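Data first, discussion second: the structure below is written as structure tokens.
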Amino acid sequence: MLSRPKKTAPGAAAPAWTPDMPLVEVHDVHKSFGDLEVLKGVSFNVSQGEVVCIIGPSGSGKSTLIRCINGLNNIQQGSIKVEGQEVNDPNLNLLELRKKVGIVFQQYNLFPHKTALENVMMAPVKVLKEPKKEVEERARALIAKVRLGGKEDVYPGHLSGGQQQRVAIARSLAMRPDVMLFDEVTAALDPETVKEVLLTIKELAAEGMTCILVTHEMGFAREVADHVYFTDRGVIVEHGPPEELFTRAKDERTQRFLSQVI
Ligand code: ADP
Ligand code: MG
């Protein structure tokens, strides 16, 4: 007799996530704001340690997609799982999700009246209620890691844009995420400080951090990404390893976009 796959009892917990499974699973995601459908069936998986770049014209839904992955936006259809957990499950503990998924935006929004160190320490101390001493040690190590050793006691207003963005990255890392989302984190920076932020991200990626980046830095995407997704008007038009997508794009929309930005 043929054995049938076992049915999972209704309400039974999903099988435990293991690192050989996708860390982030996005399946047929549809997202609308009122009548405007912004994501029209987006699917992709990200494995642990993978670095994925999302590129595409302004307004194509990249930020919306990133925000859906850590539950900042709800979705109308489809599924998003992080380590096997459905992000849109109404019973999901959002704090648990936010601990796993770090996000850094174009606007770094540091607390202006807190020093770099205090900014990095804030969430683990206030939200996770972790012991201050332990958090401080970790925060100092993270500030050194983003190459800001010596700036611990400096207020954001006395740091350059690139330095503030690196504090924002350290602040996100202080929650010990398993995946980092970066939404055009260098777009608002002076050209001379863009490089140092990209270097920080590159170092993180090299250490094995799973990263999903929306970026206009094509050189960076080409160098650092394992896989690149080109989006346009709410769909993934084309994707592939960077050397393939950047040199042999098949779709006319991808070719046109790349010819404008490279
Ligand atoms: P991208 O990041 O690729 O530039 P976005 O995800 O920011 O694109 O936006 C995609 C579309 O969704 C745009 O038309 C934008 O105006 C719209 N949009 C984004 N956020 C909202 C919102 N909160 N309410 C209404 N429309 C939104
Ligand atoms: Mg955007």
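The values are calculated or read from the model by the stated rules, or taken from the named source; none is laboratory data. A quick note: this is a predicted structure, and the numbers were derived from the prediction, not measured. Counting neighbours? That spans all protein chains shown, and the Cβs are built from the backbone with ideal geometry, glycine included. Only protein heavy atoms, including side chains, enter the accessible area calculation; ligands, DNA and RNA are left aside. Shrake-Rupley method; radii C 1.70, N 1.55, O 1.52, S 1.80 Å.
Data overview
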| item | result |
| --- | --- |
| Residues of the chain: accessible area per residue with a 1.4 Å probe, Å² | 52 |
| Between segment 96-165 and segment 174-207, the Cα center-to-center distance that results, in Å | 14 |
| Estimated distance in nm for a label pair at K114 and S79, the labels positioned 7 Å out from Cα along Cα-to-Cβ | 3.7 |
| Partner lysines for K62 [C-alpha distance under 17 Å; skip if fewer than 8 residues away on the same chain] | K31, K40 |
| Average projection area in nm² (convex hull over Cα atoms of segment 79-136, one quarter of hull surface) | 5.5 |
| For segment 137-262: rounded, prolate or oblate by the Cα gyration tensor [a/c cutoff 1.5] | prolate |
| Share antiparallel - DSSP beta bridges, segment 148-262, percent rounded to 5 | 50 |
| Sum of -39500 (n - 2.57) over DSSP H runs of 4+, divided by residues of the chain (222 nm, nearest 500) | -10500 deg cm²/dmol |
| Kirkwood hydrodynamic radius of the chain, from inverse mean 1/r over distinct Cα pairs, in Å | 19.5 |
| Rounded to 5, the percent of DSSP beta bridges in the chain classed as antiparallel | 55 |
| Packing-based ranking, highest mean first, of 239-249, 110-120 given that Cβ atoms within 10 Å are counted | 110-120, 239-249 |
| Sparse-neighbourhood loop sites, chymotrypsin sites (Phe, Trp or Tyr not before Pro) in segment 15-96 - DSSP loop, at most 16 other Cβ within 10 angstrom | W17 |
| Selected from E25, E37, E217 as most flexible by GNM, with the chain as the system and alpha-carbon contacts under 10 Å | E37 |
| Space enclosed by the convex hull of the alpha-carbon atoms of segment 117-157, per residue, Å³ | 64 |
